[in-house]
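The values are calculated or read from the model by the stated rules, or taken from the named source; none is laboratory data. None of these values were measured; they are calculated from a predicted model. Cβ placement follows ideal geometry from the backbone for every residue including glycine, while neighbour counts extend to all protein chains displayed. Accessible surface areas use protein heavy atoms only, side chains included; no ligands, DNA or RNA. Shrake-Rupley method; radii C 1.70, N 1.55, O 1.52, S 1.80 Å.
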Amino acid sequence: MAQKRMNKRQQRLERQRRIKKKRRKRLAIILIEIVILAGLGVVAYGMFVMDKMDTTTLNKDKLEVYKDTGDYTNIALFGLDSREGELDGGVQSDCIMVASINNKTNEIKLVSVYRDTLMKVTSEKYGKANSAYNSGGPTDAIALLNRNLDLDIEKYISVNFNALADVVDALGGIEIDMTEEEVYWTNGYCTETSKVVGRETTELSGAGVHKLDGVQAVSYARIRYTEGMDFKRTQRQRIVLEKIAEKAQKANVITLNNIVNKVMPQISTNLSTANMLGLAAHAAEYKLGQMSGFPFEVTTCEKVKNHKGSYVTAVGLEKNVSELHEFLFGEEDYEPSSTVKDISNEVIYMTGVDPETYKTTTDYTYKSGGDDSEN
């Protein structure tokens, strides 16, 4: 009798064990399904985001990629003087930046290339850096950076006036410490910017910290008539980008989604869905490091052989490229390519701006020092 009761008890325990096992198995399956669905959701969202952008495919053979820079992802950023929404060429690139991401530390360094810098724009032609995008779109603009700076850029992002204004407004504005002179010129630029962007703004008053809306932030980034001229303007552009990055990292999902819906249609890029998701995965970990203008040491030159107008001229492009690779990648005593050396010598011939004698042959010299914080 006792044996019979034991058998029944064992059978009951066995049934309970099998039920628990089935439940655990069912729970595991549900969890796996949730993970898969979440993953599909992320991919679907990524595809949704990409679908809103003007995505392009570039011919890598035409980008003149130089040797691999190792543990770095380098992306070209172009801010376009686009009044009618043009993104793929036919307009000047008012802002030219290289964002270099250290994939080991997640630090991002930004370098602005002065738009009027005399560079080799095509295989045969010299001109201002910003003309490359106008004549050949992102392909020629990226090729210019790789050709003149020994870089390995393959990806780019281009935005217009409206996109920058929309981002700032979606984030609730950005705070910037401004001088009296900057306030004056920002107010002046706001008239035209308001027409381009299609919304009104208010007038700023007095030096100090101001909370800028989208129109004001774009106007501030466009100023070029203060001390430091275009050199100082690129620093303002980097400041605006830094302030946007700071607020975006703290923004909630609803705000970020609003930015996606408003801004993505105004962006042109060749980043793939996989690229976008890879960058998004580390978004919270990224930190903005040093920022600078390039060339590090430049001068203005009014007399350029076979060219009209004023040009920003590197005081020795070869030397500046060597400094650039140390600034971005920590490469000490970098030896520029034969292509860069040839371009550097040609610029010296065309302008007379020789690193050994430039102080006596030019009117204005500006040295960024390789880091905005040192200006």
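Below, the figures for the structure above:
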| read-out | value |
| --- | --- |
| Exposure rank, largest accessible area first [307, 325, 210; 1.4 Å] | 307, 210, 325 |
| Stokes-Einstein D (µm²/s) once Rh is taken as the Kirkwood radius of the stretch 88-208 over alpha-carbon pairs, at 4 °C in 1.567 mPa s | 77 |
| Rounded if a/c under 1.5, otherwise prolate or oblate - the stretch 185-317, Cα gyration tensor axes | oblate |
| Surface accessible to a 1.4 Å probe, residue 256 within the full protein complex, Å² | 70 |
| Distance (nanometres) between label positions extended 7 Å along Cα→Cβ at residue 62 and residue 211 | 4.7 |
| Restricting the stretch 206-267 to GluC sites (Glu not before Pro) in coil, as DSSP defines it, with at most 12 other Cβ within 10 Å | 227 |
| Subset of 155/305; 104/155; 128/211; 67/104 violating a 24 Å alpha-carbon distance limit | 155/305; 128/211 |
| For the stretch 148-216, fraction of C-alpha pairs farther apart than 21 Å, in % | 36 |
| Calculated P(r) of the stretch 178-252 - Cα pairs past 16 Å, % | 49 |
| Length gained when the stretch residue 226-residue 290 is fully extended (0.36 nm per residue, less Cα-Cα span) | 20.7 nm |
| Where labels lie 7 Å past Cα in the beta-carbon direction, separation of residue 305 and residue 279 in nm | 4.1 |
| Segment residue 180-residue 250, extension gain: residue separation times 0.36 nm, minus the distance between their alpha carbons | 22.2 nm |
| For the stretch 266-338, convex hull volume per residue from C-alpha positions, Å³ | 203 |
